[in-house]
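Where a number appears in this text, it was derived from the coordinates with a stated rule and is not lab data. Everything numeric in this text was worked out from a predicted model, so none of it was measured. In this analysis, Cβ positions are derived from the backbone assuming ideal geometry, glycine residues included, and neighbour counts consider all displayed protein chains.
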Amino acid sequence: MGIGAINPPSRKAVFLDRDGVINRAVVRDGKPFPPSGLHDFEILSGVEAALQMLRERGFWLCVVTNQPDVARGTQDRSVVEAMHDYLRNRLPLDAFQVCYHDDSDACNCRKPKPGLLLDAAAEHTISLTDSYMIGDRWRDIDCGYSANCITIFIDRGYREALREQPHFRAPDLEGAARIIASREESARERAAHQARR
């Protein structure tokens, strides 16, 4: 193997659903929907601090979101991209992975399938088993499980059931970030203890 051909070390990521995790979802009849445009796009309280906490702990931060309204013809892709530009300019996020398909397209990227996470991991040298998937719907949790990530469910009280039980639950992204920070600290303490033995 020549110089420069050595694989770079894997890094850890936090994958984040968008609507209901980073920004406020529009809830109708107990089910969440994305905002229709920037006029009703609201970043949730505490999100910036939570992301900064994760960034300081060395995590690569990636939004992974289904936006099927584009395929359904009820949303313009340019509007979705404008929302993501808005987030890029205000939050410490590294990347966006977006599925614009609907279920009938049978793609590999629409959550609960893990394609968005697998593609990001391959492109950015991510260790999925050391990474987290945070979401507020069953699709997010199932996606995380399929990708062998640690899952954290943000319970917004929607009228839909989980299919897999998450590894952890949190009331919001700040709570999820505290769970991750605590687990990272415990892992460092265990490693330090092993090194002293």
**Item:** Asp140 vs. criteria of a type in the set (D, E, K, R), without any contact (Cβ under 8 Å) to a residue 24 or more places away in the chain and either in contact with a Lys or Arg (Cβ under 9 Å, 6 or more places away or on another chain) or crowded, with 18+ Cβ neighbours inside 10 Å (or both)
**Value:** no
**Where a residue in segment 181-196 is in contact (Cβ under 8 Å) with a residue 60 or more places away in the chain and its partner, wherever it lies, is surrounded by 10 or more Cβ atoms within 10 Å (Cβ to Cβ) and not aliphatic (A, V, I, L, M), with Cβ under 8 Å and at least six apart** = Ala181/Arg57; Glu184/Arg57
**Fill in**
Sole miss for Ala120 among (1) over 26 Å from Ala170 (Cα atoms); (2) touching a Cys at 6+ places or on another chain (Cβ under 8 Å); (3) of a type in the set (Gly, Ala, Ser) is condition (1)
**Request:** Please identify the pairs in which a residue from segment 116-134 that is more than 20 Å from Ala177 (Cβ to Cβ) has its Cβ atom under 7 Å from the Cβ atom of a residue that is surrounded by fewer than 19 Cβ atoms within 10 Å (Cβ to Cβ), counting only partners at least 6 apart or on another chain.
**Result:** Leu116/Gln97; Asp119/Gln97; Thr125/Pro8; Thr125/Ser10; Thr125/Arg11
**Test: Pro32 is farther than 23 Å from Thr125 by Cβ and touching a residue at least 60 places away in the same chain (Cβ under 8 Å)** = yes
